[in-house]
There are 2 protein chains.
Amino acid sequence: MLDDAIREFLAARRGEHLARLKEFIRFPSVSAQSDHQGDCLACARWLAERLGGAGLTAEVDESPGRPVVLAAGEQRPDRPTLLVYGHYDVQPPDPLELWDSPPFEPTERDGDLVGRGASDDKGPLLTWLAAAEAYHNVAGEAPVNLKVLVEGEEELGSPTLAAFIQSNAERLRCHHAAISDTAFHADGVPSITYGLRGLMYVEVTLAGPGRDLHSGLYGGVAVNPISALATLLGGLHDENGRVTIPGFYDAVEPITPSEHVAFERLAFDEDALKADLGTDALAGEKRYTPLERLWARPALDVNGIWGGYAGEGPKTVIPAIAGAKLSARLVCSQSSDAVIAGLREYLQAHRPPGTRVDMKVLSAEEPWLVHPGSPALVAARAAMAEAFEADCALIRCGASVPVTSQLQAHLGVDALMMGYGLPDDRVHSPNEKFRIEHLYRGALASASLMARLAEL
Amino acid sequence: MLDDAIREFLAARRGEHLARLKEFIRFPSVSAQSDHQGDCLACARWLAERLGGAGLTAEVDESPGRPVVLAAGEQRPDRPTLLVYGHYDVQPPDPLELWDSPPFEPTERDGDLVGRGASDDKGPLLTWLAAAEAYHNVAGEAPVNLKVLVEGEEELGSPTLAAFIQSNAERLRCHHAAISDTAFHADGVPSITYGLRGLMYVEVTLAGPGRDLHSGLYGGVAVNPISALATLLGGLHDENGRVTIPGFYDAVEPITPSEHVAFERLAFDEDALKADLGTDALAGEKRYTPLERLWARPALDVNGIWGGYAGEGPKTVIPAIAGAKLSARLVCSQSSDAVIAGLREYLQAHRPPGTRVDMKVLSAEEPWLVHPGSPALVAARAAMAEAFEADCALIRCGASVPVTSQLQAHLGVDALMMGYGLPDDRVHSPNEKFRIEHLYRGALASASLMARLAEL
């Protein structure tokens with residue numbers, strides 16, 4: 001479905017696009033570190049200027065935490081509107097000593113471009129700029145109404161994005177949204193992510209005696225908060241790896257037979273996973289395959305625990321209090337509120353006499369799942385297949401990408417997650433890289449999607 | 001059995017003895033703080049000089065960690081030898097702001113002398129000096145062969161004492177040993193402690209994945225070391241409060257019917273204990289009374305736990321490792337080695353697949369129990385009753401006093417634990433105090449014991 005002229009334009013500009021990505025990577029736009037605040041603003045402005053060069057009207061909104069880049073082409077009522085989301089901020093590059101070349105000096109190596117942000121998310125984001133620019137130059141404008149939203153706080157968990165989308169809902173209104181911030185299932189397997197898990201994250205404290213006690217003088221009569229907390233946490237899974245929170249699985253949508261088959265067909269090497277984890281056994285629900293457990297089943301994890309004495313040597317104390325952080329990864333149609341209520345009920349029902357339990361919610365994100373057979377997603381798959389010359393897989397992911405459910409909640413739109421990265425791109429790690437070929441093919445896919453959406 | 005002349009001598013010297021205790025307390029002999037090393041040595045020397053004044057040959061041995069004071073009177077083969085043990089070191093006085101008077105400026109208040117070390121152990125220790133001095137002045141010498149061992153590291157857990165006793169076994173050889181480092185069961189109830197619990201203290205680490213993992217990307221397949229550790233720790237007690245370590249209770253000597261009755265007769269207010277602990281429920285083995293659980297039953301406590309993220313806010317991590325400190329209070333005839341082996345077996349048997357458990361022993365002390373009907377103990381009870389003019393109770397204590405089992409192991413002698421403190425002496429806390437009357441009556445009891453042992 002790609003116009004030959006667009007294809008030729010993009011093919012002819014490969015060198016320029018690589019040079020532009022290098023320029024983009026040179027901004028150390030680290031959102032977590034306040035001394036890079038100026039770099040973030042400079043990076044946002046640079047990006048807005050490039051979007052302007054592609055025929056879009058672009059601006060930098062400095063009102064949220066880190067500047068947001070907003071851009072839009074001409075909006076015509078007779079064609080669909082596509083919102084492209086991306087982020088220009090990057091993870092801190094630490095530990096620096098593990099990089100083979102400086103993180104903000106992009107370096108070509110074996111067909112890859114190495115640098116912080118190359119794959120997450122600067123390379124993939126620039127494919128959309130390249131596609132828009134190609135249409136602008138070849139045809140005067142893109143076949144869809146284009147809108148672009150690029151945030152600078154994704155690596156912080158997008159703390160202000162939901163509010164921004166809500167208060168700019170009219171400006172961002174669209175029929176489709178595209179996000180390139182995920183990866184292929186495997187090298188040679190272009191993939192679209194159609195489901196993400198949600199998250200509920202809480203902090204639990206369990207208080208026992210009114211003060212720290214001498215374990216010799218009180219051991220055998222005083223309630224021990226660490227033991228009590230351990231019993232509660234240990235009881236959160238049964239012997240089959242299932243979570244015991246009341247009602248936890250009630251709203252979980254079953255894996256359909258066709259999805260089961262689709263998962264089975266995807267290359268997945270359990271032994272390689274074990275080797276990667278340095279373990280000889282996996283955990284989780286016994287009834288499901290590892291991929292099903294990761295993608296389509298909820299999971300509960302304790303993320304931190306503390307209480308009593310953790311210093312050197314012995315201290316014979318029964319502490320007054322112990323605490324833990326725990327989180328659940330949720331799948332549709334679980335709601336974080338219902339799971340939090342169930343956990344609260346479990347803790348109150350099972351806490352031993354003489355203890356008080358307190359729970360604080362630290363984070364809540366809803367699971368996200370879209371229909372893999374929707375016309376837009378079918379179009380996106382076809383665009384990926386056309387550009388990368390391989391069948392496009394449908395995959396899910398166990399993590400959360402908050403923007404997806406925010407777009408669903410506030411704009412009513414299901415994102416198309418067209419991942420141009422590779423699983424070994426070392427995202428968030430030293431020597432992050434992006435395959436240079438994917439910059440070109442990603443631009444082809446992005447351009448193809450625009451053409452295909454216009455035809456729906 | 002107290003000679004009138006001894007009684008009169010001690011009664012006449014009450015003011016001097018109080019002044020001497022004040023002098024003793026003024027030494028900030030804090031063993032835990034190295035800047036008080038000089039104070040410890042000065043204190044030891046001062047004490048040796050006072051022992052010399054009571055007709056004993058005294059010396060300060062500076063070879064162990066903190067100086068040890070050794071003293072002995074004339075040793076005659078035709079009478080029994082009594083070794084008196086005490087310690088001149090004290091706990092740090094912190095938090096200083098909670099003291100109503102400076103900790104090392106002894107202050108009289110409502111019949112008490114307030115100051116760090118007043119009750120633990122300087123006041124009680126001086127009663128033995130007063131008794132020896134009385135005999136020296138009134139009769140030329142005590143009715144028994146006296147030996148004195150005063151250490152300066154008790155508040156550190158007596159780390160070098162066992163080795164010192166072993167290498168000085170001949171010099172310390174004795175028929176009886178007396179220790180005044182415990183308290184009355186209640187005000188008005190002079191008490192002898194005839195049993196102490198032992199201790200085994202270990203650190204357990206549980207390793208899962210080879211590195212910290214993202215809980216979104218791996219939750220549901222990766223073994224979680226915190227959950228695994230929590231399950232292991234939670235499983236260490238059953239629903240009746242019993243410890244599940246294999247063989248844990250095998251060597252526990254049952255509470256005899258007569259001991260059960262004796263415990264029942266002692267004043268013990270369960271509601272007061274709950275109020276003191278700020279709790280509405282006690283823990284422990286349901287089949288036993290609180291006092292039995294504290295004194296005559298073993299107990300297991302988790303003293304510390306750590307793993308994953310304990311900072312502010314959420315972090316979605318599955319950590320590579322988690323750890324805990326745990327300890328068991330042991331009663332006769334449990335051995336710390338057997339319990340440690342049982343715990344190791346339990347952890348290995350119950351650790352989930354994909355985890356590795358490591359255990360490090362940090363401390364091991366054997367339980368101590370002597371026959372409450374032995375002639376020496378009957379004599380000690382009579383001495384206490386005579387001096388304090390009240391029946392002397394037989395009690396046990398849930399904590400450990402390492403020297404007791406060390407004297408048993410290396411000198412083959414059962415200590416007589418004649419406690420002159422009171423339960424509310426605020427030992428180890430701000431405003432520690434010792435009842436001034438107990439300085440006098442303690443000296444009477446100490447002198448009476450010497451006379452009674454000579455008659456056995």
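Residue-by-condition table, conditions (1) at pLDDT 95 or above; (2) in a loop (DSSP other than H, G, I, E, B):
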{"position": "B:122", "(1), (2)": "yes, no"}
{"position": "B:136", "(1), (2)": "yes, no"}
{"position": "B:143", "(1), (2)": "yes, yes"}
{"position": "B:148", "(1), (2)": "yes, no"}
{"position": "B:155", "(1), (2)": "no, no"}
{"position": "B:158", "(1), (2)": "no, yes"}
{"position": "B:195", "(1), (2)": "yes, no"}
{"position": "B:216", "(1), (2)": "no, no"}
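Looking at this structure, is residue A:238 out of contact with any strand residue (DSSP E or B) (no Cβ under 8 Å at 6 or more places or on another chain) and either of a type in the set (Asp, Glu) or under 30 Å from residue A:321 (Cα atoms) (or both)?
Values: out of contact with any strand residue (DSSP E or B) (no Cβ under 8 Å at 6 or more places or on another chain): yes; either of a type in the set (Asp, Glu) or under 30 Å from residue A:321 (Cα atoms) (or both): yes.
Answer is yes for this residue.
How about region B:367-456: which helices (runs of 4 or more DSSP H) wholly inside it have at least 2 residues that are at pLDDT below 95? Break it down stepwise before answering.
On the way: elements: B:375-388, B:402-411, B:436-455.
So the answer is B:402-411.
Can you pull out every residue in region A:129-172 that is farther than 29 Å from residue A:454 by Cβ, touching a residue at least 60 places away in the same chain (Cβ under 8 Å) and among the polar types (S, T, N, Q)?
Here is the first cut: in region A:129-172, the ones farther than 29 Å from residue A:454 by Cβ are A:152-153, A:155-160, A:162-163, A:167.
Within this subset, residues satisfying the condition of being touching a residue at least 60 places away in the same chain (Cβ under 8 Å) are A:152-153, A:155-160, A:162-163.
Result: A:158, A:160.
Within region A:285-295, does at least one residue satisfy the condition of being assigned to a loop (DSSP other than H, G, I, E, B), in contact (Cβ under 8 Å) with a residue 40 or more places away in the chain and open to solvent by less than 80 Å² (accessible area, probe 1.4 Å)? Steps first, answer last, please.
From region A:285-295, those assigned to a loop (DSSP other than H, G, I, E, B) are A:285-289; that's our starting set.
Within this subset, residues satisfying the condition of being in contact (Cβ under 8 Å) with a residue 40 or more places away in the chain are A:285-287.
When the remaining residues are screened for being open to solvent by less than 80 Å² (accessible area, probe 1.4 Å), the result is A:285.
There is at least one residue in region A:285-295 that is assigned to a loop (DSSP other than H, G, I, E, B), in contact (Cβ under 8 Å) with a residue 40 or more places away in the chain and open to solvent by less than 80 Å² (accessible area, probe 1.4 Å).
Going by the conditions given, is residue B:49 assigned to a loop (DSSP other than H, G, I, E, B), modelled with pLDDT of 95 or more and surrounded by fewer than 14 Cβ atoms within 10 Å (Cβ to Cβ)? So that I can check it myself, show each step before the final result.
On the way: assigned to a loop (DSSP other than H, G, I, E, B): no; modelled with pLDDT of 95 or more: yes; surrounded by fewer than 14 Cβ atoms within 10 Å (Cβ to Cβ): yes.
Here the answer is no, as residue B:49 does not meet what is asked.
Show the residue pairs that are 6+ apart or on different chains and have beta-carbon atoms under 8 Å apart, the first residue being within region A:55-77 and modelled with pLDDT under 95, the second being of a type in the set (Gly, Ala, Ser) and buried (at least 18 other Cβ atoms within 10 Å of the Cβ).
A:65/A:152; A:66/A:31; A:66/A:44; A:66/A:152
Out of B:423, B:430, report the one residue that is open to solvent by 40 Å² or more (accessible area, probe 1.4 Å) and within 14 Å of chain A (Cβ to nearest Cβ).
Details: B:430 fails: open to solvent by 40 Å² or more (accessible area, probe 1.4 Å).
Residue meeting the stated conditions: B:423.
Looking at region B:298-317, is at least one residue closer than 30 Å to residue A:274 by Cβ, touching a residue at least 60 places away in the same chain (Cβ under 8 Å) and part of a helix (DSSP H, G or I)?
no
Have a look at B:367, B:353 and point out the one that is within 14 Å of chain A (Cβ to nearest Cβ) and open to solvent by 80 Å² or more (accessible area, probe 1.4 Å).
Numbers: B:367 fails: open to solvent by 80 Å² or more (accessible area, probe 1.4 Å).
Of the residues listed, the single one that is within 14 Å of chain A (Cβ to nearest Cβ) and open to solvent by 80 Å² or more (accessible area, probe 1.4 Å) is B:353.
May I ask you to list the residues in region B:249-284 that are touching a strand residue (DSSP E or B) at 6+ places or on another chain (Cβ under 8 Å), open to solvent by less than 70 Å² (accessible area, probe 1.4 Å) and in a loop (DSSP other than H, G, I, E, B)? Reasoning before the result, please.
Filtering region B:249-284 down to residues touching a strand residue (DSSP E or B) at 6+ places or on another chain (Cβ under 8 Å) leaves B:249, B:253, B:262, B:266-267, B:277, B:284.
Keeping just the survivors that are open to solvent by less than 70 Å² (accessible area, probe 1.4 Å) gives B:249, B:262, B:266, B:277, B:284.
Result: B:249, B:266, B:284.
Restricting to region A:141-185, and then to whatever is over 24 Å from residue A:80 (Cα atoms) and of a type in the set (D, E, K, R), can you tell me which residue is surrounded by the most Cβ atoms within 10 Å (Cβ to Cβ)?
Step by step, filter region A:141-185, then rank; the result is A:154.
Considering only region B:186-208, state which residues are closer than 15 Å to residue B:307 by Cα and open to solvent by less than 10 Å² (accessible area, probe 1.4 Å). Don't jump to the end; show me each part of the working.
Start the filter on region B:186-208 by keeping residues that are closer than 15 Å to residue B:307 by Cα, which leaves B:203-208.
If the condition is that a residue be closer than 15 Å to residue B:307 by Cα and open to solvent by less than 10 Å² (accessible area, probe 1.4 Å), then B:204, B:206, B:208 are the ones that fit.
Search region B:1-25 for residues that are free of Cβ contacts under 8 Å to residues at least 24 places away in the same chain and pair each with any residue that is open to solvent by less than 70 Å² (accessible area, probe 1.4 Å) when their beta-carbon atoms are under 8 Å apart and the residues are at least 6 apart or on different chains.
B:23/B:46
The values are calculated or read from the model by the stated rules, or taken from the named source; none is laboratory data. Keep in mind that what you see is a predicted model, and the values were worked out from it rather than measured. No Cβ is skipped: glycine too gets one built from the backbone with ideal geometry, and neighbour counts run over all protein chains shown. The protein model used for the area step is the full one, side chains on, heavy atoms only, and it has no ligands, DNA or RNA in it. Shrake-Rupley method; radii C 1.70, N 1.55, O 1.52, S 1.80 Å.
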